[in-house]
1. Evaluate the relative contact order of the range 1-99 (contact order divided by residue number), counting alpha-carbon pairs under 8 angstrom at least 6 apart; express in whole percent.
2. Express the accessible area of the range 1-44 per residue in Å², computed with a 1.4 Å probe while the remaining protein chains stay in the model.
3. Check each of the trypsin sites (Lys or Arg not before Pro) in the range 61-114 and keep only those in coil by DSSP with at most 15 other C-beta atoms within 10 angstrom; list them in order.
4. Ignoring ligands, DNA and RNA, what percent of the accessible area of the range 1-122 is carbon or sulfur (1.4 Å)?
5. What are the residues whose amide H is under 5 Å from the amide H of S17, where those residues sit 5 or more places off or on another chain and H is modelled from the backbone?
6. Could you give each residue of the range 70-82 its phi-based ³J(HN,Hα) in whole Hz, using Karplus coefficients 6.51, -1.76, 1.60 with θ = phi - 60°, and x for Gly or Pro?
Amino acid sequence: VNSSDLTKDTSEFFGGSYTDANGKFVIVLTEDTPANRTAICKELGRSESNTTFVKGTYTLAYLTELQEKITNAMVNKEIPFVVTSGVYETTNNIIIRVEYALDTIGGAIKVEFSAGAVVEELLLPLPKAE
């Protein structure tokens, strides 16, 4: 299901959907309420009784928008170390794979998430007035 195919109301809490290993249809909701369950099942043409609901953090609309930004950055060679990325509705996130060609042994490079530039404060004592 594409979030763009949903109404604005349901896309605001729809985190995705998938079929689990047991063949059960799963819907991810960022706000799991009875009203939201009913609304999304009606829109998707699903029965609530035959559906499993799980809590997600991100809407599919947000993940899709973010994935588009990542794809554009990859195409523009702004992040050349990223080799693949994709939206994973089963885990309600985006998984990015990076190239470790520089680390020929493996395990020497650790990738961490940062919401912005890393800035460290350097505290130096002020010189004493003479």
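1. Details: 151 pairs, mean separation 26.3, N = 99.
Relative contact order here is 27 percent.
2. Numbers: 2410 Å² over 44 residues.
About 55 Å² of surface per residue is accessible.
3. On the way: sites: K69, K77, R97, K110; in loops: K77, K110.
Passing sites in the range 61-114 are K77, K110.
4. Values: 4530 of 8530 Å².
In the range 1-122, the share of accessible area belonging to carbon and sulfur is 53 percent.
5. Here V28 satisfy the definition.
6. These are the phi-based 3J(HN,Hα) values: 5, 4, 4, 5, 5, 4, 7, 6, 7, 9, x, 7, 7 Hz.
The values are calculated or read from the model by the stated rules, or taken from the named source; none is laboratory data. Predicted model only: the values in this text are computed from it and were never measured. So basically every Cβ, Gly included, is an ideal-geometry build from the backbone, and we count neighbours across all protein chains shown. To get the accessible areas, we keep the full protein, side chains included, count just its heavy atoms, and leave off ligands, DNA and RNA. Shrake-Rupley method; radii C 1.70, N 1.55, O 1.52, S 1.80 Å.
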